[in-house]
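Here the structure comes first, spelled out in structure tokens, and everything after it is commentary.
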Amino acid sequence: MKRFYIETFGCQMNAHDSEKVIGTLVGRGYEQVATPEAAELIMYNTCSIRDKAEQKVFARLQEFKRNHAGKTFAVLGCVAQQEGEKIFEKAPHVSMVVGSASYNRLPELLVQIERGDKRVTGLSLDTEDTFETPLTRRDNPHKAYITIIEGCDKSCAYCVVPFTRGPERSRTLESVLREARELVQMGYTEIQLLGQNVNSFRDAAIPGSESGHDFAYLLRRIGEVPGLRRVRFTTSHPRDFVKDIVDAIDENPVLCNHIHLPVQSGSTTVLSRMQRLYTRDEYLRRLEWMHGAKREIAITSDLIVGFPGETEAEFEETMSLLDYARYESMYIFKYSRRPNTPALQYDDHITEEEKTRRFLILQEKQRAMQIRQNAELLNRVEEVLVEGWNSATSQWIGKTSQNRTLNFVHPHGREANLLGQYAQARVTRTGPSSMGGEAAE
Ligand code: 5AD
Ligand code: SF4
């Protein structure tokens with residue numbers, strides 16, 4: 001059993017976990033293959049953030065069983081943690097169930113699988129460790145992820161993450177810096193720092209640690225790593241987001257001028273029921289810091305509509321927040337009930353129809369704002385990292401520091417060989433989400 005196939009769902013943390021899991025397996029002599037047909041071991045890294053995640057996982061596991069009887073199956077990630085040993089009951093063909101807080105134990109768990117054990121689990125959340133691997137199989141040649149903090153100590157009333165990823169654990173500043181330097185050696189110029197809540201990153205070795213500025217300190221240090229051109233980070237929690245982060249971005253153009261700061265709701269009463277630990281005014285203050293920065297910072301957000309008890313007036317407050325925020329883009333979600341979460345106790349749930357209505361209203365408002373805001377970018381020259389070539393449109397695909405997509409034509413077309421390079425492009429066309437342009441030298 002040396003060939004494995006892995007399928008991954010969920011957030012960037014999950015995508016990067018899979019890169020580390022793949023590295024761990026390859027380091028043990030396994031070979032990754034592109035289809036379940038070619039594999040003896042089938043791994044499934046799951047997400048349970050919304051909707052009927054569990055049902056989907058079991059349906060997929062049934063499909064695997066039908067088409068690949070006799071192979072070894074492993075379930076990883078958030079559904080593994082959430083459902084635990086129940087997975088063996090509902091899907092007896094599965095031999096291994098491992099949550100992300102136990103990935104450090106993978107080598108030992110693999111030994112158990114290799115010797116034929118049928119019920120191998122890694123489900124403890126009681127850990128102070130982070131998952132660090134000697135080998136990581138990164139598949140994006142331009143941008144490399146670095147985990148800086150795992151788990152989450154918040155308890156947002158709607159969210160499964162505290163139950164699926166365990167308590168907060170930071171890596172050390174030194175090991176993060178070491179990894180950044182190694183990535184530069186490997187040829188990467190852009191890195192993205194990852195964590196459920198990067199702003200709570202802590203390292204007692206940092207001068208003045210515990211003052212809430214450790215993450216800003218880390219950003220400044222990473223921004224100085226020779227050879228790095230771009231540093232991004234996600235995701236931020238407004239409660240722990242300090243102005244020093246904006247100052248650090250102002251000081252160093254290597255730190256990308258994009259901040260994802262999920263608001264979830266524009267209403268203080270809803271935020272309180274969500275246990276988000278900040279008010280509308282406190283969030284507005286953070287918007288002021290970003291709007292007041294010397295560099296123009298693109299702000300993006302997540303929003304939940306139809307949280308239990310959300311009144312029309314509370315929803316209106318979210319609508320009006322959009323006018324202040326001027327989000328560059330936004331993910332809107334309809335509230336969905338998740339196992340174990342505190343919000344399940346609320347009894348005033350909103351109907352699906354009403355959630356959909358609010359979803360569409362918000363979406364339309366944001367879309368109109370994006371069309372207006374993006375039109376202001378016309379004729380601007382932007383630096384882009386070229387991430388691909390679109391042969392259908394004969395355009396290079398570029399990403400700006402603000403994380404906007406700018407597709408552009410070049411007089412030499414594909415021959416210009418721009419992949420992985422930084423180029424200047426002028427914006428000639430704007431729409432609600434992406435922009436078109438031409439090379440500008
Ligand atoms: N229902 C709807 N959206 C949710 N999110 C997290 N949990 C839920 C839920 N139960 C959204 C939040 C979060 C994003 C990753 O997913 O907006 O920021
Ligand atoms: Fe999904 Fe949340 Fe787990 Fe990421 S942390 S995989 S979004 S449930």
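Tell me, which residue of the stretch 296-318 that is surrounded by fewer than 17 Cβ atoms within 10 Å (Cβ to Cβ), more than 16 Å from ligand 1 (Cβ to nearest atom) and in a loop (DSSP other than H, G, I, E, B) is farthest from the chain's Cα centre (by Cα)? Once the filter is applied, the top-ranked residue is THR311. Checking each residue in the stretch 253-280 for being under 24 Å from PHE215 (Cβ atoms) and part of a helix (DSSP H, G or I) picks out LEU271, ARG280. Listed by first and then second residue, the pairs with beta-carbon distance under 9 Å, at least 6 apart or on different chains, first residue in the stretch 424-436 and within 11 Å of GLY398 (Cβ to Cβ), second of a type in the set (Phe, Trp, Tyr) and part of a strand (DSSP E or B), are ALA425/TRP396; ALA425/PHE408; VAL427/PHE408; MET435/PHE408; GLY436/PHE408. Take the residues of the stretch 80-90 that are touching a Lys or Arg at 6+ places or on another chain (Cβ under 9 Å) and in a helix (DSSP H, G or I): which is farthest from ligand 2 (Cβ to nearest atom)? It comes out as PHE88. Taken together, LEU76, LEU135, LEU125 contain a single residue that is surrounded by fewer than 17 Cβ atoms within 10 Å (Cβ to Cβ) and within 15 Å of ligand 2 (Cβ to nearest atom), which is LEU125. Of all residues in the stretch 324-351, those that are in contact (Cβ under 8 Å) with a residue 24 or more places away in the chain, not basic (Lys, Arg) and not in a loop (DSSP other than H, G, I, E, B) total 9.
Candidates are the residues of the stretch 319-354 that are more than 30 Å from GLU376 (Cα to Cα) and among the hydrophobic types (A, V, I, L, M, F, W, C); the one that is nearest to ligand 1 (Cβ to nearest atom) is ALA343. Does ILE42 satisfy being in contact with a strand residue (DSSP E or B) (Cβ under 9 Å, 6 or more places away or on another chain), surrounded by 17 or more Cβ atoms within 10 Å (Cβ to Cβ) and either touching a residue at least 60 places away in the same chain (Cβ under 8 Å) or assigned to a loop (DSSP other than H, G, I, E, B) (or both)? No, not satisfied. For the stretch 158-177, filtered to residues that are assigned to a loop (DSSP other than H, G, I, E, B) and surrounded by fewer than 18 Cβ atoms within 10 Å (Cβ to Cβ), the residue that is farthest from ligand 1 (Cβ to nearest atom) is THR172.
For the stretch 101-148, the set of residues classified as of a type in the set (Gly, Ala, Ser), touching a Leu at 6+ places or on another chain (Cβ under 9 Å) and more than 20 Å from ASN197 (Cα to Cα) consists of GLY122 only.
The residues of the stretch 91-100 that are outside any strand (DSSP E or B), in contact with a Leu (Cβ under 8 Å, 6 or more places away or on another chain) and either under 19 Å from GLY10 (Cα atoms) or not hydrophobic (A, V, I, L, M, F, W, C) (or both), listed by number, are HIS93, GLY99, SER100.
Here, each number is a calculation from the coordinates, and none is a lab measurement. Just so you know, these numbers come straight off a predicted model, no measurement behind them. Backbone-built Cβ (ideal geometry, glycine too); neighbour counts: all protein chains shown.
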